[in-house]
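Reading through the structure tokens given below for one structure.
The values are calculated or read from the model by the stated rules, or taken from the named source; none is laboratory data. Fair warning: this is a prediction, and the values are worked out from it, not measured in the lab. Heads up, the Cβs are rebuilt from the backbone with ideal geometry, glycines too, and the neighbour counts pull from every protein chain shown. Please note that ligands, DNA and RNA were not included when accessible areas were found on the heavy atoms of the full protein model with its side chains. Shrake-Rupley method; radii C 1.70, N 1.55, O 1.52, S 1.80 Å.
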Amino acid sequence: MDIRMRMRLLDSVRRADQAQAAHTAAGRALTRATEAAVKALADITSREQLLAQAGTDTERAERSDALDAARTAYIDASRRKLAARRKSRRTFLAARAANRALGEHYRRYARGRGTAGLRRGGVAAGLLDELAALPLELLQAAHVILVQSSAGKDSVVMLDRIVTWARQAGVLDRVVVVHCDLGDESEWPGVRGLAQRQAERYGLRFLIARAEDLDAEPNDAGERPALGLLGLVKKRGMWPDALRRLCTATLKRSVANRLLTKILDELGLDEQAVVINCMGIRAAESPARAKKSPLSIDLRTSSSNRLVFVWHPIFDLTETEVWQRIAEHALEYHPTYDALIPRLSCVFCVLAGFDVLVRAVRLCCALGLDLPARYEDLEAGIGHQFKAQFTIADVIAEARRLETEEGPLAWKRGDAIAHHLGAAAAADYLRRLTGAAR
Ligand code: SF4
């Protein structure tokens, strides 16, 4: 079975899953509507009894009105129930048709393979594993290869890997680098420029995705400033957390999706577009990330005109291997890593640990950034603490204590490589980096 056939089969699985989910949702809606109708009917019965027991004209009038209202509620509930039943029937037929189409596909393209008793999820997982093991073919089958770059160490290594494979596959022109710009209130200085240089090194198209602050005045070019983490928190009056990562959804995912729609519109395809959306997530980063699949279908973004895969091309790499590739290929990384901040996330990422945040405050002091005070003011202003376990004020207090005890942070270019790979590797990297820049 060739790669396109595998993809078509996966799309059939997606359609069947989606149709099944719609039918399940319709079933729930029917249950709710039925319960509401039963309740409304019981209400009519009790109101009729109350009306029969009314002693005065006033009571009779009031109870008669209440009975009319109960009857109206029952008519509404019955209408909703009828509509829900129709929808449930429609979605049942659609789910059955999607399952039949999947069966047809499977017979045509996977003759003799059998499902070995696997259900849809198992069939899809097997196909996705096969595709993930064929990176060149996967890239060749894509109309668009999006590389989501934060400009961090994992992003730059992922980009380098994708470029290597895309060159071998002859599809480098399909690679587009997307950087979600969170603005100066959220990110370290120079992140956006670095992301651009990292993409330009390979001559790739570079696009910025930005959630704008719609309450701010646009500039002369009609652009509004980035909403950023601070702007989002100001609007919501709450900090996001690991369970409600609205920051990622609002500031990154939804804007990147809008950009994808624009890219696909430009292509003007008359067939379903295949999009490979690459993210620099690694299994070794955390137990939660280790549970993710290297390749999956983005069910939220896929539709009849786009089949979007989420691919983690460096899922298998350890942190040391990431730094080795940076060193060997002389990839430019952000100086924040030299100050031994482990991730190039928001300056004060809601997912970061206490020690990392303390170091971030100290780095802000060294760089003359006023962000700690602004975050502290916001925290006090909204009355919601930065994290359940501690406040940003606690973080700042600890940073001040360490500054007094140890003096200001000091670092030099190459310290991150020296930390992970040794001083000789750092010296070699700096030589190569200078050579690459010439
Ligand atoms: S880096 Fe952290 S704070 Fe910033 S958007 Fe991502 S999860 Fe949210």
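Two-decimal Rg/Rh of region 196-295 from alpha-carbon positions, Kirkwood Rh? Write out the running numbers ahead of the final one.
Numbers: Rg = 16.9 Å, Rh = 16.6 Å.
Reported Rg/Rh (Cα atoms, Kirkwood Rh): 1.02.
Taking the alpha-carbon distance from residue 39 and a cut-off under 25 Å, which lysines remain once sequence neighbours fewer than 8 residues away in the same chain are dropped?
List returned: 81, 87.
I'd like the antiparallel share, as a percent to the nearest 5, of DSSP beta bridges with both residues in the chain.
Antiparallel bridges make up about 20 percent of those DSSP assigns within the chain.
Check residue 147: other-chain or 5+ apart residues with amide H under 5 Å from its amide H, H built from backbone geometry?
The list, which skips near neighbours in sequence, is 176, 177, 178, 278.
Where does each of 68, 265, 17 land when they are ordered by accessible area, with a 1.4 Å probe and the largest first?
If we order 68, 265, 17 from most to least accessible, we get 265, 68, 17.
Before rounding to the nearest 500, sum -39500 (n - 2.57) across all DSSP H runs of length at least 4 in the chain and divide by the residue total; then give [θ] at 222 nm in deg cm²/dmol.
-19000 deg cm²/dmol
Kirkwood Rh over Cα pairs of region 329-437 into Stokes-Einstein at 4 °C, 1.567 mPa s: D in µm²/s?
Once the numbers are plugged in, D ends up at 85 µm²/s.
Which distance in Å, rounded to a whole number, links the C-alpha centroids of region 275-347 and region 372-407?
29
Protein chains only, probe 1.4 Å: how do 143, 384, 179 rank by accessible area, largest first? Mind showing how you got there, number by number?
Numbers: 143 35, 384 60, 179 0 Å².
Ranking 143, 384, 179 by accessible area, largest first, yields 384, 143, 179.
Which value, in Å², gives the accessible area per residue of region 134-319 when a 1.4 Å probe is used on the protein heavy atoms?
About 45 Å² of surface per residue is accessible.
Along region 355-363, what does the Karplus equation 6.51 cos²θ - 1.76 cosθ + 1.60 (θ = phi - 60°) give for ³J(HN,Hα), rounded to whole Hz, x for Gly and Pro?
Result, ordered by residue: 5, 5, 5, 4, 5, 5, 4, 5, 5 Hz.
Given +1 on the Cβ of Lys and Arg, -1 on the Cβ of Asp and Glu, and no further charges, what dipole in debye does region 155-203 carry about its Cα centre, rounded to the nearest 20?
On the way: 6 positive and 7 negative charges, 75 e Å.
Dipole size: approximately 360 debye.
Loop only by DSSP, 16 or fewer other Cβ within 10 Å of the Cβ. Give me the GluC sites (Glu not before Pro) in region 154-248 that pass, ordered by residue number.
In loop regions of region 154-248 (DSSP not H, G, I, E or B), the sparsely surrounded GluC sites (Glu not before Pro) are 223.
For residue 100, tell me the accessible area in Å² from a 1.4 Å probe, rounded to the nearest 10.
Only protein atoms counted, so the area is about 150 Å².
Tell me whether region 3-124 comes out rounded, prolate or oblate; compute the Cα gyration tensor, take square roots of the eigenvalues as a ≥ b ≥ c, and use a/c under 1.5 as the rounded threshold.
It comes out prolate by the Cα gyration axes.
Determine one quarter of the surface area of the Cα convex hull of region 223-345, which equals its mean projected area, and express it in nm² to one decimal.
Result: 10.7 nm².
Using θ = phi - 60° and the Karplus curve 6.51 cos²θ - 1.76 cosθ + 1.60, what whole-Hz ³J(HN,Hα) does each residue of region 187-203 get, with Gly and Pro shown as x?
Rounded to whole hertz, the list is 10, 5, x, x, 5, 4, x, 5, 4, 5, 5, 4, 6, 5, 3, 9, x.
Hey, what did region 1-135 get for relative contact order, percent, Cα under 8 Å, at least 6 apart?
This gives 44 percent for region 1-135.
Probe radius 1.4 Å, ligands and nucleic acids left out: which of 72, 404, 301 has the largest accessible area, and how do the rest follow?
404, 72, 301
If the cut-off is 19 Å between C-alpha atoms, which lysines fall inside it for residue 235, apart from same-chain ones fewer than 8 positions away?
The qualifying lysines are 252, 387.
Skipping prolines and chain starts, which residues have an amide H placed within reach, meaning under 5 Å, of the one on residue 297, given they are 5 or more residues away or on another chain?
310
What is the distance in Å between the Cα centroid of region 87-106 and that of region 152-214?
40
Normalised by the number of residues in the chain, what is the relative contact order in percent for Cα pairs under 8 Å and 6+ residues apart? Each step should come with its number before you reach the end.
Working: 567 pairs, mean separation 62.6, N = 438.
About 14 percent, as a whole number.
Heads up, I need the accessible area for residue 106: 1.4 angstrom probe, whole protein in place, Å², nearest 10.
Surface accessible to solvent at residue 106 totals approximately 40 Å².
Quick one: divide the alpha-carbon radius of gyration of region 119-174 by 2.2 N^0.38 Å and tell me what you get.
Relative to the 2.2 N^0.38 Å estimate, region 119-174 comes out at 1.30.
Give me the Kirkwood hydrodynamic radius of the chain in Å, from all C-alpha pairs, to one decimal place?
Values: mean 1/r = 0.0387 Å⁻¹.
About 25.9 Å for the chain.
Report the extension gain between residue 412 and residue 321 in nm, rounded to one decimal, defined as 0.36 nm multiplied by the number of residues separating them, less their alpha carbon distance.
Gain in length upon complete extension: 30.6 nm.
Rounding to the nearest 10 and keeping the result within 0 to 90°, find how far the Cα-based axis of helix 319-328 lies from the longest principal axis of the chain.
50
Convert each backbone phi in region 219-229 into a coupling constant with the Karplus relation 6.51 cos²θ - 1.76 cosθ + 1.60 (shift: θ = phi - 60°), then list the ³J(HN,Hα) values in order as whole Hz, x for Gly and Pro.
7, 4, 7, x, 9, 9, x, 5, 5, x, 5
Using alpha carbons only, how many degrees (0 to 90, rounded to 10) separate the axis of helix 153-169 from the longest principal axis of the chain?
Tilt relative to the chain: about 90 degrees.
Please list, ordered by chain and number, the residues whose modelled amide H lies under 5 Å from the amide H of residue 317; skip anything fewer than 5 residues away on the same chain.
283
Please report the antiparallel percentage of the DSSP beta bridges confined to region 134-319, to the nearest 5.
In region 134-319, DSSP labels about 20 percent of beta bridges as antiparallel.
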